[in-house]
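One structure is given below, encoded as structure tokens.
The values are calculated or read from the model by the stated rules, or taken from the named source; none is laboratory data. Since we're looking at a predicted model, the values are computed, not measured. Please note: Cβ atoms are built from the backbone with ideal geometry, for glycine as well, and neighbour counts cover all protein chains shown. Just so you know, the surface numbers come from the protein's heavy atoms only, side chains and all, with ligands and any DNA or RNA stripped out. Shrake-Rupley method; radii C 1.70, N 1.55, O 1.52, S 1.80 Å.
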Amino acid sequence: MKKTFLAAAALALSLPMAAQAQGLLPGAQRGAEDGAAAAGPVGAIVGGAVGAATGAVGGLLGVDDRPRFRSYAVRQHRSYDWDGDVAVGTVLPSSGVSYYEVPADYGIRGRRYTVVNDRVVLVDPGTRRIVQVID
């Protein structure tokens, strides 16, 4: 029992990274699956809770808002062609790219968005690092 608890605790500390960009429901599902694989039923419970919590925070769009936000951003005709990778963690150039405020009705603060190679991305404005790709 002690080993199971320790495995669940270790899993709880590692899951936030895996579930960060998933959104509430997918984060919970992924966390529960990973938790069950690592520590059985107790791991599934802990993993599901941690996955849900980390998937719904961090200045990211939830699953339900992504299609509406993507449509909004694409309608703005704000696109930038770039030869680099469009992926979470990529730092975008400081010049040539326009970054825009996320409308308040999406509830995202401290992020900007842009469209790169027809892909909508949320960016940390201080570092220009992509924090979420909205597909």
* Return the only residue of VAL133, VAL121 being in contact with a Ser or Thr (Cβ under 7 Å, 6 or more places away or on another chain) and not hydroxyl-bearing (Ser, Thr, Tyr). => VAL121
* Asked: Does any residue of the range 60-71 turn out to be in a loop (DSSP other than H, G, I, E, B) and of a type in the set (S, T, N, Q)?
  -> no
* Asked: Taking the range 91-118, which residues are surrounded by fewer than 18 Cβ atoms within 10 Å (Cβ to Cβ), of a type in the set (A, V, I, L, M) and outside any helix (DSSP H, G or I)?
  -> VAL91, VAL97
* Do we find a residue being modelled with pLDDT under 90, closer than 14 Å to VAL131 by Cβ and open to solvent by less than 60 Å² (accessible area, probe 1.4 Å) anywhere in the range 20-29? -> yes
* Failed condition for VAL121, given (1) more than 17 Å from ARG75 (Cβ to Cβ); (2) under 16 Å from the mean Cα position of the chain (by Cα); (3) open to solvent by less than 20 Å² (accessible area, probe 1.4 Å) -> (1)
* What about VAL88, is it surrounded by fewer than 17 Cβ atoms within 10 Å (Cβ to Cβ) and either outside any loop (DSSP other than H, G, I, E, B) or modelled with pLDDT of 90 or more (or both)? -> yes
